[in-house]
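Notes for the one structure printed next.
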Amino acid sequence: MTDELSDLQAACSTCRICADQGLVAEAKPIFEGRRDAEFFLIGQAPGPVEHGLHRPFMGRAGRELERWMLRARFSSGEEFRRHTYIAAIMRCFPGPNASGSGDRPPPAAAIRNCSHWLEAELKLVRPRAVLLVGQLAAGRFLGPAPLDERVGQAFGSNPVLLPLPHPSGTSRWLNDPANRERLTRALDTLSRLRERCIGG
Ligand code: SF4
């Protein structure tokens, strides 16, 4: 019997459209997860570490994300990854910023190219909760609004949409104590969702 998600993942792994269109230097789609994942995380785009290791959230942002997941009562980063499908608004590394600091934001054309992978995965995985990591992911699903009007709240029920800030450390958003409190509320909500979905 064919597994639609495996077929989709195989097709996505060979996607090169953004390289063909000159939007990235090298197309190497990065995502991971299983069909029975209860959680679905949507990030912005992989960075150079993820591009090199070909696995999502492996650099500094990944370490910070795993610290947040421990606060949400996952027993380890691996437990979080085992129960979470990890994708992104753009799943190939967009390249370095022209200024020389940080990564280039995902170009609009690449976001358009990539959106059908995300939509197809969400239909097949049917997660209980979707973690919208960063402004781009939150805006894509909830419409434009500042992060401080999103983080700390949950939206919808099937699946629950839970906005989070991006853990990359490049944003100053978490320098504000009120925003750190919003993150704590979001992680408390995630902790309750974790208990409901996987117990323990
Ligand atoms: S960013 Fe998405 S659409 Fe573009 S090449 Fe990579 S997988 Fe394909």
Surface share of carbon and sulfur [accessible, 1.4 angstrom probe, percent] for the range 1-73 | 50
Heavy-atom accessible area of ASP148, protein chains in place, probe 1.4 angstrom, given in Å² to nearest 10, is 70
Solvent exposure, largest accessible area first (probe 1.4 Å, DNA, RNA and ligands not counted), of ARG182, ARG73, ARG140, ARG192 | ARG73, ARG192, ARG140, ARG182
For the range 156-161, Karplus-derived ³J(HN,Hα) couplings (6.51, -1.76, 1.60; θ = phi - 60°; whole Hz; x for glycine and proline) come out as x, 9, 8, x, 6, 9
For the range 63-200, with equal point scatterers placed on the C-alpha atoms only and solvent neglected, what are the log10 I(q)/I(0) values from the Debye formula at q = 0.10, 0.12, 0.16, 0.20 1/Å, to two decimals?
-> -0.34, -0.50, -0.92, -1.42
For the range 57-131 and the range 168-200, what is the separation of their Cα centres, given in Å?
-> 16
Over its alpha-carbon atoms, the range 12-122 yields an Rg and a Dmax in Å of 14.1, 42
³J(HN,Hα), Karplus 6.51/-1.76/1.60, whole Hz, each residue of the range 44-57, x for Gly, Pro = 8, 6, x, x, x, 5, 5, 4, x, 8, 6, 8, x, 6
Of the DSSP beta bridges with both residues in the range 4-198, give the percent that are antiparallel, rounding to the nearest 5.
-> 20
For the chain, the dipole about the Cα centre with charges only on Cβ (Lys and Arg +1, Asp and Glu -1), to the nearest 20 debye, works out at 340
Please name whichever of ILE111, GLN135, ILE86 sits farthest to the positive end of the charge dipole of the range 80-176, dipole taken about the Cα centre and charges placed at Cβ: Lys and Arg +1, Asp and Glu -1.
-> ILE86
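Give me the net charge of HIS166's neighbourhood, meaning all other residues with Cβ under 13 Å from the Cβ of HIS166; Lys, Arg count +1, Asp, Glu -1.
My count for the surroundings of HIS166 gives +1.
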How much mean residue ellipticity at 222 nm does the chain get from its helices, if each DSSP H run of length 4 or more adds -39500 (n - 2.57) and you divide by all residues, to the nearest 500 deg cm²/dmol?
-> -13000 deg cm²/dmol
So, with a 1.4 angstrom probe, what is the percent of accessible area on the range 78-157 that is carbon and sulfur?
-> 53
For the range 122-128, in order, what is each residue's ³J(HN,Hα) by Karplus, 6.51 cos²θ - 1.76 cosθ + 1.60 with θ = phi - 60°, in whole Hz (x at glycine and Pro)?
-> 4, 5, 7, 7, 6, x, 7
For the chain, what is the accessible area per residue in Å² when the probe is 1.4 Å?
-> 50
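The values are calculated or read from the model by the stated rules, or taken from the named source; none is laboratory data. What you see is a predicted model, and the numbers here were worked out from it, not measured in a lab. Heads up, the Cβs are rebuilt from the backbone with ideal geometry, glycines too, and the neighbour counts pull from every protein chain shown. All accessible areas refer to the heavy atoms of the entire protein, side chains included, with ligands and DNA or RNA removed. Shrake-Rupley method; radii C 1.70, N 1.55, O 1.52, S 1.80 Å.
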